[in-house]
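The values are calculated or read from the model by the stated rules, or taken from the named source; none is laboratory data. No experiment lies behind these values; they were computed from the predicted model shown. Using ideal geometry, Cβ is built from the backbone for each residue, glycine included, and neighbour counts are taken over all protein chains shown.
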Amino acid sequence: MSKYAIAFITPSKRIQLCHKIVEGDSRDSALRRFFGENASEYYSDDEKGFLYFKEDFYDEASPAGSIIEL
């Protein structure tokens, strides 16, 4: 499994940065794991919430996070 460094700015009143090293078979699986462990409290904890998270994460104008394969 590959390792990914994921950083995410939480959408809360007090801006916080969450940064983790996550293992996954792909970027998508690593993002899904990160979402389940660290970001689901800011979105609905289901497939639709993950899709919103991913959309915010890859927003070209103002991304909420970044992912780098290590």
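So that you can scan it fast, the table gives a plain yes or no per residue for (1) under 15 Å from Glu69 (Cβ atoms); (2) among the β-branched types (Val, Ile, Thr):
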residue: Met1; (1), (2): yes, no
residue: Ala5; (1), (2): yes, no
residue: Ile9; (1), (2): no, yes
residue: Lys20; (1), (2): yes, no
residue: Ala30; (1), (2): yes, no
residue: Asn38; (1), (2): no, no
residue: Tyr43; (1), (2): no, no
residue: Lys48; (1), (2): no, no
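From the list Glu55, Glu69, Glu37, the one residue that fits, being among the acidic types (Asp, Glu) and touching a helix residue (DSSP H, G or I) at 6+ places or on another chain (Cβ under 9 Å), is Glu69.
One residue stands out among those in segment 39-49 that are part of a loop (DSSP other than H, G, I, E, B) and not charged (D, E, K, R): the one that is nearest to the chain's Cα centre (by Cα), which is Tyr43. Taken together, the residues in segment 29-53 that are touching a residue at least 24 places away in the same chain (Cβ under 8 Å) and under 23 Å from Met1 (Cα atoms) amount to 5. Restricting to segment 5-29, and then to whatever is outside any loop (DSSP other than H, G, I, E, B) and aliphatic (A, V, I, L, M), can you tell me which residue is surrounded by the fewest Cβ atoms within 10 Å (Cβ to Cβ)? Step by step, filter segment 5-29, then rank; the result is Leu17. Within segment 28-38, is even one residue small (Gly, Ala, Ser), under 10 Å from the mean Cα position of the chain (by Cα) and modelled with pLDDT of 95 or more? Yes, segment 28-38 has at least one match.
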